[in-house]
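One structure, pasted below without further comment.
The values are calculated or read from the model by the stated rules, or taken from the named source; none is laboratory data. Bear in mind that the values here come from a model prediction, so they are computed numbers and not experimental data. Reconstructed Cβ throughout: ideal geometry from the backbone, glycine too, with neighbour counts over all protein chains shown. Calculation scope for accessible area: heavy atoms of the full protein, side chains included, ligands and nucleic acids excluded. Shrake-Rupley method; radii C 1.70, N 1.55, O 1.52, S 1.80 Å.
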Amino acid sequence: MKRFFLFLLATLTMTAVLAQRINTPSSGDKEAGINNDLEVWESLKDSLSEEQMEVLCSLTESVMLTVVDSVMNEGRYMEALENLDSLQIYWKRYFGKNVSPKVYHLKAIILNSLEEWQEVIKTTEECFAIYKTEVPIEQAAAIYGLQGSAHRMLREYLAAIRSYENALKYYVKNGEDLRQCDVLCNMAYCYGELGKHTMASSFYQKGIGKYLECFKTTRAALLKGKFNVNDPNKQLDFKLFALHLFYMAVYEQDLVNKLESKEYLQMSAHCGFEDAKKEYQRLYGN
């Protein structure tokens with residue numbers, strides 16, 4: 001019973017300490033506080049077993065990530081980023097180990113929102129350099145996806161394709177079908193920008209085909225505007241689908257496949273993509 005209460009005390013102490021240190025503005029105050037906390041922590045952690053230490057790390061990190069996530073969801077990206085950077089530094093000092101891949105994943109998401117593409121790549125590469133193949137499948141897929149998108153935004157299309165290939169591999173392993181659709185279409189875009197039209201067309205067909213399969217609809221239904229997604233959990237995926245249909249329409253237009261372009265533009269418009277609606281009206285007048 002005594003060990004349990006010591007463990008509970010350690011969990012509460014570490015969570016409170018890290019929260020305080022991360023939000024302390026003065027670097028001098030932080031350093032003094034950290035040194036004092038380390039003395040208390042050293043005496044406390046001797047009372048815990050190795051298993052309890054692992055659970056403590058996990059619990060404390062989860063609480064801290066929840067705090068950072070709430071800051072990020074309020075649109076305070078720089079503050080969230082500063083908190084994560086501080087967490088990484090203090091984690092090493094308190095626990096003598098690196099933060100988990102969850103932290104790198106959240107950091108990459110924040111940097112992506114800030115459009116700091118080089119930093120996204122740096123963060124994702126650092127994560128894989130530390131953990132190599134030990135990153136959980138779900139996080140590995142998402143991190144590679146963010147890395148691929150950063151390369152794509154920098155027009156580093158070959159590097160983007162390599163990252164997307166890794167993301168796709170993990171999404172397949174994890175059975176995340178809608179994520180596979182998005183990655184396939186992103187790869188198609190990259191191949192198109194590289195002038196590899198056969199590959200681009202192939203990947204677009206695979207991606208759009210899989211989207212239709214996932215949403216349990218058909219091309220004919222979309223052309224008639226007789227389909228919509230009511231599931232709130234799939235709204236973002238539906239918007240991505242509409243975006244990829246628009247990109248495919250533009251791609252087909254560039255290849256002078258006017259009929260195909262018109263149909264994909266019409267499908268994108270029927271999915272609610274405003275740019276597709278405007279472009280369709282501009283080209284076809286109805």
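Taking only the stretch 71-87 into account, find how many residues are more than 19 Å from S100 (Cα to Cα) and open to solvent by 20 Å² or more (accessible area, probe 1.4 Å). If you could, list the steps in order and put the result at the bottom.
We begin by selecting, within the stretch 71-87, every residue more than 19 Å from S100 (Cα to Cα); these are 71, 73-79.
Of the ones still in play, those that are also open to solvent by 20 Å² or more (accessible area, probe 1.4 Å) are 73-79.
The qualifying residues number 7.
Among the residues of the stretch 136-153, is any touching a residue at least 60 places away in the same chain (Cβ under 8 Å) and farther than 20 Å from Y171 by Cα? Quick ask: steps written out before the conclusion?
Kept after step one, since they are touching a residue at least 60 places away in the same chain (Cβ under 8 Å), are these residues of the stretch 136-153: none.
Taking every residue of the stretch 136-153 in turn, none turns out to be touching a residue at least 60 places away in the same chain (Cβ under 8 Å) and farther than 20 Å from Y171 by Cα.
Every residue in the stretch 265-278 that is in contact (Cβ under 8 Å) with a residue 24 or more places away in the chain and assigned to a helix (DSSP H, G or I), please.
Taking the stretch 265-278 as the starting set, the residues that turn out to be in contact (Cβ under 8 Å) with a residue 24 or more places away in the chain are 266-268, 270-273, 275-276.
Residues satisfying the conditions are Q266, M267, S268, H270, D275, A276.
Could you check, for the stretch 121-143, whether at least one of its residues is closer than 23 Å to Q180 by Cα and in contact with a Ser or Thr (Cβ under 6 Å, 6 or more places away or on another chain)?
yes
Any idea which of (1) surrounded by fewer than 17 Cβ atoms within 10 Å (Cβ to Cβ); (2) touching a Leu at 6+ places or on another chain (Cβ under 8 Å); (3) closer than 18 Å to Y191 by Cβ is the one K234 doesn't satisfy?
(3) is the only condition that K234 fails.
Sticking with this one: Could you tell me whether any residue of the stretch 214-235 is under 28 Å from C127 (Cβ atoms) and of a type in the set (A, V, I, L, M, F, W, C)?
Within the stretch 214-235, not a single residue is under 28 Å from C127 (Cβ atoms) and of a type in the set (A, V, I, L, M, F, W, C).
Still on this structure: Quick check on the stretch 213-228: of everything there that is outside any helix (DSSP H, G or I) and either among the small types (G, A, S) or within 20 Å of N186 (Cβ to Cβ) (or both), which residue is least open to solvent (accessible area, probe 1.4 Å)?
Of all residues in the stretch 213-228, those outside any helix (DSSP H, G or I) come to 215-218, 224-228.
Imposing the further condition that a residue be either among the small types (G, A, S) or within 20 Å of N186 (Cβ to Cβ) (or both) reduces the set to 215, 225.
Working: F215: 16, G225: 41 Å².
Residue satisfying both the conditions and the ranking: F215.
Check off (1) modelled with pLDDT of 75 or more; (2) not in a helix (DSSP H, G or I) for L48 and give me the number that stays unchecked.
Looking at each condition in turn, L48 falls short on (1).
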